[in-house]
């Protein structure tokens, strides 16, 4: 009983007011972390970070870390050696310091001179890379989504606790001063009793065509790029960005940009995982090789809490909603709140939509990295704005919607046991088959 209490006490602090449903009771048998020495890093020690995945988002990680005091980028890692060497050359020219390069993350994880890793790799790699990092004694910053399926989130939480690692989920709006203020106002009743949240992902996603099968490019370790996913014949339809639109590697836009919004929906409503899920949509625009829907609407129902989440993906021409195209709306019995992007909120009160409190603040990504480094230095999970549990739950919400969409029916879910009720087909989609040797450990 003591371990369960410790876990829930941590959650009540780390998630800053989110309801106790976030405690993920199915994982309550995970041992509480042992006391981590607070002197692991001295005030003048530099945290040495390796950035994994440097083609796209990883470049933002590099530049943000290099602006932080007490931290530095010590290594870069990517299965594409051409890109890796280019990023290393650019880094050394700009920052006037050498950087380790390593194509295989497993060799990087063996190094004792790396303290932490950031993961900006494709979705299908996130959880396994994070778990391996925890086992290697590295702290982790993992981009959204933290997982590719629901079961991975359970194992990632287990690894963070067992190995006493600071695992930060890359939902930087949780460190935005304006968004934190907005959540505080919701808790204080600025729009009354909050009963509904809507997540919006209206992004411009064009026709990607179908480039067919081709030879593996020089410098790319394609086996390593595929990792735990099936190793299909090489195609430019996957490498380096359009993997987002294929189920074996990505999760569509609800599991891409949308994780910021699923996370905020849960945070603002104070809920975890739902009891009923339904999702529908399809491809209505392009005859290309995308597998995921271009338009998708998902509904997540919380009957006990009398709350509901609506989530919408649109990939082309569309209206905005009070100026929000990527963001969130919260509805209460006295008004509603609009959150635009990662850094702006507005409120509208009463029948006449009179303007209420609003706010805007910059630099949420830098603040989120700073928060991660502060927690690493203190060896204190409760300092985190984006702790590992939020990575599991916000990602799982997207996965549940995708499962309903792919099966074409409404699903009933047990949020305590984290499984579907009486539906073997749906439960089989909570995990995946892993390709050897890139196996998710059964025993963490």
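The values are calculated or read from the model by the stated rules, or taken from the named source; none is laboratory data. Note that the structure is a prediction, hence the values are computed from the model and not measured. Backbone-built Cβ (ideal geometry, glycine too); neighbour counts: all protein chains shown.
Observations, loosely collected:
- As for the stretch 283-298, it holds no residue that is under 22 Å from residue 419 (Cβ atoms), over 18 Å from the mean Cα position of the chain (by Cα) and assigned to a loop (DSSP other than H, G, I, E, B).
- Residues that are on the phi > 0 side of the Ramachandran plot and free of Cβ contacts under 8 Å to residues at least 40 places away in the same chain within the stretch 164-216 comprise just one, 212.
- Leading residue by the ranking (surrounded by the most Cβ atoms within 10 Å (Cβ to Cβ)) among those in the stretch 278-305 that are touching a strand residue (DSSP E or B) at 6+ places or on another chain (Cβ under 6 Å) and closer than 26 Å to residue 187 by Cβ: 300
- Qualifying position, being surrounded by 20 or more Cβ atoms within 10 Å (Cβ to Cβ), in contact (Cβ under 8 Å) with a residue 24 or more places away in the chain, touching a helix residue (DSSP H, G or I) at 6+ places or on another chain (Cβ under 8 Å) and assigned to a loop (DSSP other than H, G, I, E, B), among 254, 271: 271
- Filter pass, residue 84 being over 24 Å from residue 442 (Cβ atoms), assigned by TED's automatic domain parsing to the domain that holds residue 156 and surrounded by 15 or more Cβ atoms within 10 Å (Cβ to Cβ): yes
- Note on the stretch 422-433: residues that are more than 20 Å from residue 398 (Cβ to Cβ) and assigned to a loop (DSSP other than H, G, I, E, B) total 2.
- Verdict on residue 406 being outside any loop (DSSP other than H, G, I, E, B) and not assigned by TED's automatic domain parsing to the domain that holds residue 193: no
- Number of residues in the stretch 309-341 that are free of Cβ contacts under 8 Å to residues at least 60 places away in the same chain and part of a strand (DSSP E or B): the value is 2.
- Selection from the stretch 112-133 of residues that are buried (at least 22 other Cβ atoms within 10 Å of the Cβ) and within 18 Å of residue 374 (Cα to Cα): 114, 116, 117, 118
- Residue count for the stretch 169-204, restricted to those that are assigned to a loop (DSSP other than H, G, I, E, B) and under 23 Å from residue 303 (Cβ atoms): 4.
- Among residues of the stretch 306-320, those that are surrounded by 17 or more Cβ atoms within 10 Å (Cβ to Cβ) and out of contact with any strand residue (DSSP E or B) (no Cβ under 6 Å at 6 or more places or on another chain), counted: 1
- Residues within the stretch 342-369 that are in contact (Cβ under 8 Å) with a residue 40 or more places away in the chain and within 28 Å of residue 384 (Cβ to Cβ), tallied: 15
- Enumeration of residues in the stretch 357-383 that are touching a helix residue (DSSP H, G or I) at 6+ places or on another chain (Cβ under 7 Å) and assigned to a helix (DSSP H, G or I): 364, 365, 366, 367, 368, 369, 371, 374, 375, 381, 382, 383
- Just so you know, in the stretch 211-249 the residues that are within 24 Å of residue 406 (Cα to Cα) and not in a loop (DSSP other than H, G, I, E, B) include one that is nearest to the chain's Cα centre (by Cα), and it is 244.
- Residues in the stretch 160-177 that are in contact with a strand residue (DSSP E or B) (Cβ under 8 Å, 6 or more places away or on another chain) and within 14 Å of residue 137 (Cα to Cα): 160, 165, 166, 167.
- Filter result (crowded, with 22+ Cβ neighbours inside 10 Å and touching a strand residue (DSSP E or B) at 6+ places or on another chain (Cβ under 9 Å)) within the stretch 394-410: 394, 395, 397, 398, 400, 401, 402, 403, 404, 405
- Flag for residue 347 being part of a strand (DSSP E or B) and either on the phi < 0 side of the Ramachandran plot or surrounded by fewer than 23 Cβ atoms within 10 Å (Cβ to Cβ) (or both): yes
- Hits in the stretch 54-81 - residues which are crowded, with 19+ Cβ neighbours inside 10 Å, without any contact (Cβ under 8 Å) to a residue 60 or more places away in the chain and closer than 19 Å to residue 242 by Cα: 78
- Residue match in the stretch 215-230 (condition: touching a helix residue (DSSP H, G or I) at 6+ places or on another chain (Cβ under 6 Å) and surrounded by fewer than 18 Cβ atoms within 10 Å (Cβ to Cβ)): yes
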